[in-house]
Amino acid sequence: MVLLGLFASGCDLGPEVLPIAAGEPAVRIESGTWFQGMPGNAGLTWPNAMLCDEEDWSCANPDATMTVLSATCNGCRFVEDPTGKSTSRSVNANAFATVDGPISIDATLRFDATGATAHVTGTVTGDHEVALVATCAVVENALLAGNARVDPRAFRECDDRRATDTVVLFPLIHTAHSGDFAWFCTSLDNCGGSPQVAIMPPAVAWGHTVDPGYNPFVVMPALGAATMAMLSVPLATGELSTVSVTVPSVAERETP
């Protein structure tokens, strides 16, 4: 009974309330580049100097909130205007880039418990997808058996195509300033709405290498004479980009 009484009195104390003191206000941006057509992640925050662990039921910050008094997106547009929103953690300020080059988010925040205000700025660089590009290679049929991952050193130029080779294509999306990336679904189905590369003649599979930093590739069906392969993918800007790749015929070998 004594133990039960002690436990009950402990529960009556309620969660620990941390002292209220303004921490550091900030605009937090997760990446260094935002691509037009893709939402970039950003957050506006002015936390309490001491925060409760979100999983700690014995602690609370009921008065440690901040409010977004104003927010502007320069070179971008907000997914949803964060102005007027309050939180004890972070208000989403996700946005779409509208330019190539410097982008900034400027906001005025209020730490509600004291009424103090602060102006914060975050910067990021805008870029955009330009076009789908693709290169051709060949690899020995046996090395693709059983969906095995291929050593990148096994690929050869398409001009060296032999009767015992399979043609593979490496599609990538070229950007204006940041390089080339495989930002699309690498499956022939079950893409769940993600961008998908359409290929003619239809590919038989997607393949990967033993090097995780190497780009995925599409495995083409058995091709006879020289063939023109066509690939297309929707860009983040909404445009459909198409590229053609010439697959040469099997190389003739000189008789020894």
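The values are calculated or read from the model by the stated rules, or taken from the named source; none is laboratory data. These numbers were taken from a predicted model, which means no experiment stands behind them. Virtual Cβ from ideal backbone geometry, glycine too; neighbours counted across all protein chains shown.
List of remarks:
- Restricting Ala229, Ala203, Ala236 to residues that are among the small types (Gly, Ala, Ser), surrounded by 17 or more Cβ atoms within 10 Å (Cβ to Cβ) and touching an Asp or Glu at 6+ places or on another chain (Cβ under 8 Å) narrows the list to Ala236.
- Extreme residue, nearest to Ala137 (Cα to Cα), among residues of the range 225-245 that are β-branched (Val, Ile, Thr) and within 31 Å of the chain's Cα centre (by Cα): Val245
- Flag not set for His119, criterion: within 21 Å of the chain's Cα centre (by Cα) and either surrounded by 13 or more Cβ atoms within 10 Å (Cβ to Cβ) or not polar (S, T, N, Q) (or both).
- Filtered residues of the range 183-200 (kept if surrounded by 12 or more Cβ atoms within 10 Å (Cβ to Cβ) and either among the aromatic types (Phe, Trp, Tyr) or without any contact (Cβ under 8 Å) to a residue 60 or more places away in the chain (or both)): Trp183, Phe184, Cys185, Thr186, Ser187, Leu188, Cys191, Pro195, Gln196, Ala198, Ile199, Met200
- Selection of the range 166-182 for residues being free of Cβ contacts under 8 Å to residues at least 40 places away in the same chain and either assigned to a loop (DSSP other than H, G, I, E, B) or buried (at least 17 other Cβ atoms within 10 Å of the Cβ) (or both) yields Gly179, Ala182.
- Neighbours by Cβ (under 6 Å, 6+ apart or cross-chain): first from the range 24-47, in a loop (DSSP other than H, G, I, E, B); second at pLDDT below 95 and of a type in the set (S, T, N, Q): Gln36/Thr237; Gly37/Thr237
- Filtered residues of the range 208-224 (kept if more than 19 Å from the chain's Cα centre (by Cα) and not small (Gly, Ala, Ser)): His208, Thr209, Val210, Asp211, Phe217, Val218, Val219, Met220, Pro221, Leu223
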